[in-house]
Amino acid sequence: AQSVTQLGSHVSVSEGALVLLRCNYSSSVPPYLFWYVQYPNQGLQLLLKYTSAATLVKGINGFEAEFKKSETSFHLTKPSAHMSDAAEYFCAVSESGGSNYKLTFGKGTLLTVNP
Amino acid sequence: DGGITQSPKYLFRKEGQNVTLSCEQNLNHDAMYWYRQDPGQGLRLIYYSQIVNDFQKGDIAEGYSVSREKKESFPLTVTSAQKNPTAFYLCATTGYNSPLHFGNGTRLTVT
């Protein structure tokens with residue numbers, strides 16, 4: 001069965017500092033991995049996805065994530081935080097792709113950016 | 001514009017009443033999903049449908065029902081059997097090689 005663990009339910013950084021949000025997964029097959037962002041009272045927006053191509057995946061808004069099979073990790077990073085990055089971030093895993101994505105989500109990490 | 005419309009954005013009901021949440025899409029996506037979100041719990045899958053007139057239970061289907069009579073629509077009914085219905089409900093769709101695309105959600109409060 002697939003599962004996701006996000007380490008840290010709340011991360012606080014200063015504006016301009018490195019953002020690092022941690023995600024570890026469990027999957028019985030090569031996984032598809034995703035990061036989503038959610039602003040208050042809105043749906044989730046896809047930041048980036050890993051689908052077995054390059055292990056370093058670049059997404060929107062300057063975020064990127066690196067797939068490390070040996071560590072079963074898919075951590076999200078951004079070199080310099082902006083105030084507009086404050087939101088909740090969700091990591092998700094799927095063991096199937098095509099039109100049959102059935103995602104399992106982590107519990108989320110709330111990112112706070114301090115001026 | 002293509003997208004997913006969830007209505008209403010906020011919904012209030014008395015305990016013991018059934019309530020139906022609407023989800024409509026014009027993305028021509030085959031698969032549709034309902035997730036429930038509670039603070040600190042992430043998203044949990046309630047039901048999903050990969051084709052018209054067919055749907056499957058997700059991880060927390062008890063107390064919920066769905067229908068998929070047409071490709072564009074996947075309404076969710078929260079029945080009186082759902083013990084803790086107050087939550088944020090998200091509808092999503094996928095097309096071929098297109099990851100989950102979400103609507104803006106309906107916040108249901110039952111008192």
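The values are calculated or read from the model by the stated rules, or taken from the named source; none is laboratory data. This structure is a prediction, so every number in the text was calculated from the model and none was measured. No Cβ is skipped: glycine too gets one built from the backbone with ideal geometry, and neighbour counts run over all protein chains shown.
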Filtering region A:64-87 for residues that are of a type outside the set (G, A, S), touching a residue at least 40 places away in the same chain (Cβ under 8 Å) and within 19 Å of A:A17 (Cα to Cα) leaves a count of 8
All strands (runs of 3 or more DSSP E) inside region B:1-101 with 3 or more residues being of a type in the set (S, T, Y) and touching a strand residue (DSSP E or B) at 6+ places or on another chain (Cβ under 9 Å):
B:42-51, B:87-95
Subset of region B:11-38 (residues that are more than 9 Å from the chain's Cα centre (by Cα), of a type outside the set (A, V, I, L, M, F, W, C) and facing another protein chain (nearest Cβ under 9 Å)):
B:H29, B:D30, B:Q37
When every residue in region A:1-41 that is β-branched (V, I, T) and part of a strand (DSSP E or B) is compared, the one surrounded by the most Cβ atoms within 10 Å (Cβ to Cβ) is A:V4
What's the number of the condition B:T77 fails, among (1) in contact with a Leu (Cβ under 9 Å, 6 or more places away or on another chain); (2) in contact (Cβ under 8 Å) with a residue 60 or more places away in the chain?
(2)
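Is it the case that A:S80 is more than 17 Å from A:S12 (Cβ to Cβ) and in a loop (DSSP other than H, G, I, E, B)?
Values: more than 17 Å from A:S12 (Cβ to Cβ): no; in a loop (DSSP other than H, G, I, E, B): yes.
When the stated conditions are applied, A:S80 does not pass them.
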For B:A87, which of the numbered conditions (1) farther than 15 Å from B:E24 by Cα; (2) away from chain A (no Cβ under 14 Å); (3) modelled with pLDDT of 95 or more fails to hold?
(2)
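If I filter region A:86-105 down to residues being modelled with pLDDT of 95 or more and within 26 Å of B:T94 (Cβ to Cβ), which single residue comes out as farthest from the chain's Cα centre (by Cα)? Before you say what the answer is, go through the steps one by one.
At the first step, the residues of region A:86-105 found to be modelled with pLDDT of 95 or more are A:86-91.
Adding the requirement that they be within 26 Å of B:T94 (Cβ to Cβ) leaves A:87-91.
On the way: A:A87: 12, A:E88: 10, A:Y89: 6, A:F90: 5, A:C91: 4 Å.
Among them, the one singled out is A:A87.
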Anything in region B:94-108 that is touching a residue at least 40 places away in the same chain (Cβ under 8 Å), within 10 Å of another protein chain (Cβ to nearest Cβ) and not aromatic (F, W, Y)? List them, or say none.
B:T94, B:G95, B:S98, B:L100, B:H101, B:G103, B:N104, B:G105, B:R107
From the set of residues in region A:61-74 that are crowded, with 19+ Cβ neighbours inside 10 Å and under 14 Å from A:V4 (Cα atoms), which is farthest from the chain's Cα centre (by Cα)?
A:F67
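For the condition away from every other protein chain (no Cβ under 14 Å) and closer than 24 Å to B:L27 by Cβ, what is the one hit in A:N61, A:N114, A:N41?
On the way: A:N114 fails: closer than 24 Å to B:L27 by Cβ; A:N41 fails: away from every other protein chain (no Cβ under 14 Å).
Answer to the selection: A:N61.
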Inter-residue pairs, beta-carbon under 6 Å, first more than 28 Å from A:K69 (Cβ to Cβ) and in region A:12-28, second assigned to a strand (DSSP E or B), 6+ apart
A:S12/A:T112; A:S14/A:N114; A:E15/A:V113
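Considering only residues that are of a type in the set (A, V, I, L, M, F, W, C), part of a strand (DSSP E or B) and within 10 Å of chain B (Cβ to nearest Cβ), look in region A:83-111 and name the one that is surrounded by the fewest Cβ atoms within 10 Å (Cβ to Cβ). Outline the logic, then answer.
Of all residues in region A:83-111, those of a type in the set (A, V, I, L, M, F, W, C) come to A:83, A:86-87, A:90-93, A:103, A:105, A:110-111.
Pick out the ones that are also part of a strand (DSSP E or B) and you get A:87, A:90-93, A:105, A:110-111.
From what's left, within 10 Å of chain B (Cβ to nearest Cβ): A:90-92, A:105, A:110.
On the way: A:F90: 24, A:C91: 30, A:A92: 28, A:F105: 23, A:L110: 17.
Of everything passing the filter in region A:83-111, A:L110 is surrounded by the fewest Cβ atoms within 10 Å (Cβ to Cβ).
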Subset of region B:45-78 (residues that are within 17 Å of B:H101 (Cα to Cα), modelled with pLDDT of 95 or more and surrounded by fewer than 20 Cβ atoms within 10 Å (Cβ to Cβ))
B:K71, B:E72, B:S73, B:P75
